[in-house]
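Read through the structure below, which is laid out as structure tokens, and then see the notes.
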Amino acid sequence: MEARVFPLTSTSIPFSLFPSSSTYPSLWFSPLRPTYAPGTVLRRSMKKEEPLLEGLPKEYYDDEWQSQQREKTKEFHRRRQEEDEEEERKIEEYREIGMRLKDYPEEDVRKARKLISSFIRAAEEVEEKIEEAGEKGELTELVLMVIWNRLDLARRDDEKDVIRSLDLLYRRIEAEILKQEASPAMRLLNDLLNMHDGFDDEGWQKECKKRMIDTFPREDPFSILVPEGFDIDKHEGPLRPPLEVDDALLRVDFVREVDALLQEVRAEQSEVQITQGLDPESIASRLKQQEKQRAIRLVEAILNLAINLKW
């Protein structure tokens, strides 16, 4: 029996016998299916008769919704990476702050921290505690460094109350250190400036003049020839000259140092440009310059009193 071969034609087998491409998309390949460039996003509309998988939302079949979810995921990972980098930066900054004190002896660092703690606990008596520590020579660069480290950490953690308190403490200790290291003339100048209450200029000048008379040795020829305590009328009293005082402050030295300070400050002020804006930074700059000008005027008044001082 001779076998007969029937050629396959497009009408030999009904199309309904082939599986639907939408049902088995990965098992059948059609040479007529169009190809797309990689990364092309297609919106796939779901046929009404296509069943929904249990537990999946309807948006799962929407290519645009899936694209949005992928973008959200990318954004989440980007933010997570930024947070990790920020955390790593903070850790590195904290490590750097902690390494600032490594060159100081551990015992000295412990004493400095203990001293700072005593200042904080002193509350209203902090001024007396700082002055007492300054007279004992306990205020050093290390004390300022410890406060600065803690202040730096407070700034990074945005601890506003701690920042304000430590900043005031730092400035006060720094001023006391400068006072201890300053010359007698600068210490006297600082004391005279602190005597001003901000209102009574005339009364302040009288107090300054009295303080100068008590501080400066008399310079008139009679006081040089006749020792202090000798009664010229009765010709009674000690005749031997007083012993030299090493820390005596002469008026001429005071005038010279204060005048040099004024010349330096005036030169710096002449280079400063006053801003005229209304933003907070410009206003703060103008207020700061006004405060400096006020201090300069007070120093000028003190210098004038010293030059024209009469016993």
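The values are calculated or read from the model by the stated rules, or taken from the named source; none is laboratory data. Fair warning: this is a prediction, and the values are worked out from it, not measured in the lab. Don't worry about glycine lacking a Cβ; one is built from the backbone with ideal geometry, like all the others, and counts go over all protein chains shown.
Applying the selection to the range 184-201, what residues are more than 11 Å from Leu298 (Cβ to Cβ) and in contact (Cβ under 8 Å) with a residue 60 or more places away in the chain? Walk me through how you get there before you give the answer.
So the first thing to find is which residues in the range 184-201 are more than 11 Å from Leu298 (Cβ to Cβ), and the list is 184-188, 190-191, 197, 199-200.
Of everything in the range 184-201, those that are more than 11 Å from Leu298 (Cβ to Cβ) and in contact (Cβ under 8 Å) with a residue 60 or more places away in the chain turn out to be Pro184, Ala185, Met186, Leu188.
State whether one or more residues within the range 142-154 are of a type in the set (Lys, Arg), surrounded by 15 or more Cβ atoms within 10 Å (Cβ to Cβ) and modelled with pLDDT of 90 or more. For the range 142-154, residues of a type in the set (Lys, Arg), surrounded by 15 or more Cβ atoms within 10 Å (Cβ to Cβ) and modelled with pLDDT of 90 or more: absent. Looking only at the range 261-288, which residues are at pLDDT 80 or above and surrounded by 11 or more Cβ atoms within 10 Å (Cβ to Cβ)? Scanning the range 261-288 gives Leu261, Leu262, Val265, Arg266. When restricted to residues that are in contact (Cβ under 8 Å) with a residue 12 or more places away in the chain and either of a type in the set (Val, Ile, Thr) or within 30 Å of Leu305 (Cβ to Cβ) (or both), the range 163-183 contains 9.
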